[in-house]
Amino acid sequence: MIPDLEIPLLRTFVAVVETGSITQAGKQVGRTQPAITHQMQRLERALAKPLFQEDRRNLTLTREGEMLLGYARMLLGLNDEIRGRFEAPDITGHVRLGVPDLYAAFLLPTVLSGFSRAYPQVEIELRCSRSVNLYAALQHEEIDIALMTRQPEFGRGTVVREEPLVWVAARDYAVPPSGALPLALLPAGSVYRQHALDALGQIGRPWSIAAVSDSIAGLQAAVYAGLALSAFPLCAVGTHVRRLGRADGLPDLPNLEIVLQRKPSGIAAAAEHLAEYMVAGIGNVGR
């Protein structure tokens, strides 16, 4: 019978995989190189399966190692959430959080679910709007914290995630080889829109605006219906669309920086705990 797996062994295993190095994993978990090697041997003996290919210089996972990695990350996440809940002080309060509807739908559910379990006495008021509107609301102190797509006029903020911006279309949509591309985009002032139009301009491809929507739901409707193609963050690419690229005659798009900002006058403890929780968690959603 396989014994109960030890959290420290799983933590070391994940560190080895993520750093790709026994030495770097040792620095991350605070153990010597021989100790890391011994831990991996113990884990393999416990599971009675090899987790890495025989060439340990490349640290390539076996099929069993790949399977364990997903489970190990889930177990470590739950373990750390439990520790955080019991170590954390009792925090109460009301937090006004601003976020674009796209990020609210695709990035927030897992993070907010974990936060609500860790801090059940914190009430979150969610405001969904475009990043430019949220930035204005922050400056007027109408909200406490905001998750936004970075734009030059927003200042620094804390980068919580880099997200590829990609072209998408309905699964059966055929990109016209010439002529104006019909586009579904956010209104003027959107960084998604600007990146898309700049990229098309650089290759000299004409375009026309077929649909404009303030929300991701509106853009999705236009794309799903086959009326136009659009530019979505990769996290929003689901099964109803296909990703387009150079093979379709479309230029590469830049990565987006998703940032978290606090209102200028400072925030209360409840809002700060939520901000730190989001910074730690959003980068791992869906990855």
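The values are calculated or read from the model by the stated rules, or taken from the named source; none is laboratory data. Bear in mind that the values here come from a model prediction, so they are computed numbers and not experimental data. Note that each Cβ is placed from the backbone with ideal geometry, even for glycine, and that neighbours are counted across all protein chains shown. Side chains are part of the model used for accessible areas, which takes the heavy atoms of the whole protein and leaves out ligands, DNA and RNA. Shrake-Rupley method; radii C 1.70, N 1.55, O 1.52, S 1.80 Å.
If you go through the stretch 119-131 one residue at a time, do you hit one that is at pLDDT below 90 and exposed (fewer than 13 other Cβ atoms within 10 Å of the Cβ)?
yes
How many residues, within the stretch 225-234, are in contact (Cβ under 8 Å) with a residue 60 or more places away in the chain and not in a helix (DSSP H, G or I)? Before the answer, list the steps.
Of all residues in the stretch 225-234, those in contact (Cβ under 8 Å) with a residue 60 or more places away in the chain come to 229-234.
Retained after the next criterion (residues that are not in a helix (DSSP H, G or I)): 229-233.
So the count comes out to 5.
So T158 passes all but one of these: (1) closer than 26 Å to R193 by Cα; (2) modelled with pLDDT of 90 or more; (3) open to solvent by 40 Å² or more (accessible area, probe 1.4 Å); (4) not small (G, A, S). Which condition number does it fail?
Going through (1) closer than 26 Å to R193 by Cα; (2) modelled with pLDDT of 90 or more; (3) open to solvent by 40 Å² or more (accessible area, probe 1.4 Å); (4) not small (G, A, S) one by one, T158 breaks only (2).
Just name the residue that is farthest from E272 (Cα to Cα) out of those in the stretch 142-155 that are charged (D, E, K, R) and surrounded by 13 or more Cβ atoms within 10 Å (Cβ to Cβ).
Initially, the stretch 142-155 is screened for residues charged (D, E, K, R), giving 142, 144, 150, 153.
Adding the requirement that they be surrounded by 13 or more Cβ atoms within 10 Å (Cβ to Cβ) leaves 142, 144, 150.
Details: E142: 16, D144: 9, R150: 20 Å.
Here the residue is R150.
Assess whether R63 counts as being touching an Asp or Glu at 6+ places or on another chain (Cβ under 7 Å) and modelled with pLDDT of 85 or more.
On the way: touching an Asp or Glu at 6+ places or on another chain (Cβ under 7 Å): no; modelled with pLDDT of 85 or more: yes.
Judged against the criteria, R63 is not a match.
Can P182 be described as more than 16 Å from D248 (Cα to Cα), of a type outside the set (S, T, Y) and assigned to a strand (DSSP E or B)?
Working: more than 16 Å from D248 (Cα to Cα): no; of a type outside the set (S, T, Y): yes; assigned to a strand (DSSP E or B): yes.
For P182, the condition - more than 16 Å from D248 (Cα to Cα), of a type outside the set (S, T, Y) and assigned to a strand (DSSP E or B) - is not met.
Check whether at least one residue in the stretch 8-20 is surrounded by 13 or more Cβ atoms within 10 Å (Cβ to Cβ), among the acidic types (D, E) and assigned to a loop (DSSP other than H, G, I, E, B), and report yes or no.
No: the stretch 8-20 contains no residue that is surrounded by 13 or more Cβ atoms within 10 Å (Cβ to Cβ), among the acidic types (D, E) and assigned to a loop (DSSP other than H, G, I, E, B).
Among the residues of the stretch 53-61, is there at least one that is under 23 Å from V285 (Cα atoms) and open to solvent by 100 Å² or more (accessible area, probe 1.4 Å)?
no
Checking the structure you have, find out if any residue of the stretch 254-274 is of a type in the set (D, E, K, R), open to solvent by less than 70 Å² (accessible area, probe 1.4 Å) and free of Cβ contacts under 8 Å to residues at least 60 places away in the same chain. It would help to see each step written out before you state the result.
Initial filter on the stretch 254-274 (of a type in the set (D, E, K, R)): 257, 262-263, 272.
Right, trim to open to solvent by less than 70 Å² (accessible area, probe 1.4 Å) and you get 257, 263, 272.
If we keep only those that are free of Cβ contacts under 8 Å to residues at least 60 places away in the same chain too, we end up with 272.
Yes: one or more hits.
Do we have T19 as out of contact with any strand residue (DSSP E or B) (no Cβ under 9 Å at 6 or more places or on another chain) and within 22 Å of N284 (Cα to Cα) here? Walk me through how you get there before you give the answer.
Numbers: out of contact with any strand residue (DSSP E or B) (no Cβ under 9 Å at 6 or more places or on another chain): yes; within 22 Å of N284 (Cα to Cα): yes.
So T19 fits the description; yes.
Residues that are free of Cβ contacts under 8 Å to residues at least 40 places away in the same chain and basic (K, R): list the helices (runs of 4 or more DSSP H) wholly contained in the stretch 87-143 that include at least 1 such residues. Steps first, please.
On the way: elements: 101-106, 108-118, 131-139.
By residue number, 108-118.
Checking the conditions here, which among S215, S208, S190 is buried (at least 17 other Cβ atoms within 10 Å of the Cβ) and among the polar types (S, T, N, Q)? Quick ask: steps written out before the conclusion?
Numbers: S215 fails: buried (at least 17 other Cβ atoms within 10 Å of the Cβ); S208 fails: buried (at least 17 other Cβ atoms within 10 Å of the Cβ).
Result: S190 is the single residue among S215, S208, S190 that is buried (at least 17 other Cβ atoms within 10 Å of the Cβ) and among the polar types (S, T, N, Q).
Listed residues A46, A25; which is aliphatic (A, V, I, L, M), open to solvent by less than 30 Å² (accessible area, probe 1.4 Å) and touching a Ser or Thr at 6+ places or on another chain (Cβ under 6 Å)?
Values: A46 fails: touching a Ser or Thr at 6+ places or on another chain (Cβ under 6 Å).
Unique residue meeting the criteria: A25.
Take the residues of the stretch 218-246 that are open to solvent by 50 Å² or more (accessible area, probe 1.4 Å) and modelled with pLDDT of 90 or more: which is nearest to the chain's Cα centre (by Cα)?
The first filter runs over the stretch 218-246 and keeps only residues open to solvent by 50 Å² or more (accessible area, probe 1.4 Å), leaving 221, 224-225, 227, 234, 239-240, 242-243, 246.
Still in the list and also modelled with pLDDT of 90 or more: 221, 224-225, 227, 242-243, 246.
Values: A221: 23, Y224: 23, A225: 27, L227: 28, R242: 19, R243: 18, R246: 24 Å.
Checked the stretch 218-246; the qualifying residue nearest to the chain's Cα centre (by Cα) is R243.
Any residue at all in the stretch 166-182 that is open to solvent by 30 Å² or more (accessible area, probe 1.4 Å), under 19 Å from D101 (Cβ atoms) and either in contact (Cβ under 8 Å) with a residue 40 or more places away in the chain or in contact with a helix residue (DSSP H, G or I) (Cβ under 9 Å, 6 or more places away or on another chain) (or both)?
no
Going through R83, R73 one at a time, which residue ends up being exposed (fewer than 15 other Cβ atoms within 10 Å of the Cβ), under 30 Å from I145 (Cα atoms), within 26 Å of the chain's Cα centre (by Cα) and of a type in the set (D, E, K, R)? Show your work before the answer.
Numbers: R73 fails: exposed (fewer than 15 other Cβ atoms within 10 Å of the Cβ).
Result: R83 is the single residue among R83, R73 that is exposed (fewer than 15 other Cβ atoms within 10 Å of the Cβ), under 30 Å from I145 (Cα atoms), within 26 Å of the chain's Cα centre (by Cα) and of a type in the set (D, E, K, R).
Please specify each residue of the stretch 206-224 satisfying the condition of being closer than 12 Å to P182 by Cβ and either assigned to a helix (DSSP H, G or I) or not β-branched (V, I, T) (or both).
Matches in the stretch 206-224: P206, W207, S208, A210, A211, A222, V223.
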